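The values are calculated or read from the model by the stated rules, or taken from the named source; none is laboratory data. What you see is a predicted model; the values in this text were computed from it and never measured. Because the Cβ atoms are built from the backbone with ideal geometry, glycine has one as well, and the counts that use them run over all protein chains shown. The area values use the complete protein model at the heavy-atom level, side chains included, leaving out ligands, DNA and RNA. Shrake-Rupley method; radii C 1.70, N 1.55, O 1.52, S 1.80 Å.
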Amino acid sequence: MDHEAQPGAGELLCRQASSVARALLRPRSYAGLAREAVLTSFHLSTYPLGLLPGVTAGRAANSADAEEVGAGAPAGAAADMPVMLVHGYVHNRSAFLVMSRALRRAGFRTVQGLNYNPLVHDLDQIAALLDAEIARLRRRTGAPRVHLVGHSMGGIIARHYVQLLGGEDTVATCVTIGAPHRGSYSSYLGPGPAAAQLRPGSGYLRHLEETARPSQVRWIALWSDLDLMVVPAANARLVHPALQAENVRIRNTGHLSLLLSREVLRRVVGLLGEDPGGEPAQGVASLPATARG
């Protein structure tokens with residue numbers, strides 16, 4: 001990826017305005033934007049829960065979508081594989097309240113979230129925190145591998161762990177949700193060292209591209225055509241050929257709404273409910289094959 005000069009404030013605003021204008025040409029986008037506004041309030045109201053020690057995300061949420069998506073028998077052998085959830089910029093583990101509940105309802109026995117501060121630490125340091133947390137999780141559960149799910153910046157941290165910190169030997173499936181794999185121009189507006197690393201063409205992102213290599217990790221990238229935080233939205237696709245990722249477009253869904261989308265919940269529960277051989281685990285409903293985008 002070639003390095004790009006930092007755009008000026010005027011150019012940045014024009015690009016974001018163009019993205020919004022294109023979205024508004026789709027009638028269904030209006031409902032998606034309204035839903036994003038409402039669900040942003042939900043995330044704000046539940047944020048304090050992610051700061052409380054000892055409060056598990058799965059028990060704190062109460063959502064009809066989580067109940068419906070996760071309902072059913074335990075997930076059999078797949079339930080033994082822990083799931084690590086990594087939140088995005090200026091969020092915390094409360095981001096996954098509903099998803100964690102859905103996973104537990106599906107039978108996953110260990111669902112854990114990571115908290116970090118992107119205003120203080122850069123992505124290299126945060127990935128090191130994830131490395132240590134996964135090591136503790138594996139020691140506690142005795143599991144040889146884990147599943148990783150990362151939203152927004154969390155998806156990039158998950159990718160860093162897999163590619164650069166030995167995660168290719170300890171991760172079975174890595175799902176990124178609205179993660180700016182090729183950077184986002186909105187990152188120019190974010191303070192802190194981590195946001196600066198997500199600018200398109202940054203040395204950090206170039207290094208991720210250069211170090212991508214084939215492994216046994218299964219990669220899935222969920223991205224939305226109405227994501228106004230990843231600019232342009234298609235930068236949330238994971239297209240490096242070595243990773244052979246499945247790219248799944250979620251239509252008319254905002255950046256934060258992705259975390260509460262019934263379609264996203266169904267896909268994540270279904271994908272993680274497959275055993276390492278790719279067969280659906282007992283009790284987890286199979287989903288339609290994901291489209292490669």
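What are the residue pairs meeting all of these: first residue in the range 187-213, first residue within 16 Å of G155 (Cα to Cα) and of a type in the set (D, E), second residue open to solvent by 10 Å² or more (accessible area, probe 1.4 Å) and not in a helix (DSSP H, G or I), Cβ atoms under 8 Å, and 6 or more apart or on different chains? Cβ pairs passing all conditions: E209/M1; E209/H240. A residue that is open to solvent by 10 Å² or more (accessible area, probe 1.4 Å) and among the hydroxyl-bearing types (S, T, Y) can be found somewhere in the range 197-209. Within the range 160-178, the set of residues being in contact (Cβ under 8 Å) with a residue 60 or more places away in the chain and closer than 19 Å to Q244 by Cβ comprises A172, T173, V175, T176, I177. Within the range 95-122, the only residue that satisfies the criterion of being surrounded by fewer than 24 Cβ atoms within 10 Å (Cβ to Cβ), of a type in the set (S, T, N, Q) and not in a loop (DSSP other than H, G, I, E, B) is Q112. Note on the range 185-226: residues that are of a type outside the set (A, V, I, L, M, F, W, C) and either within 29 Å of T170 (Cβ to Cβ) or assigned to a strand (DSSP E or B) (or both) total 18.
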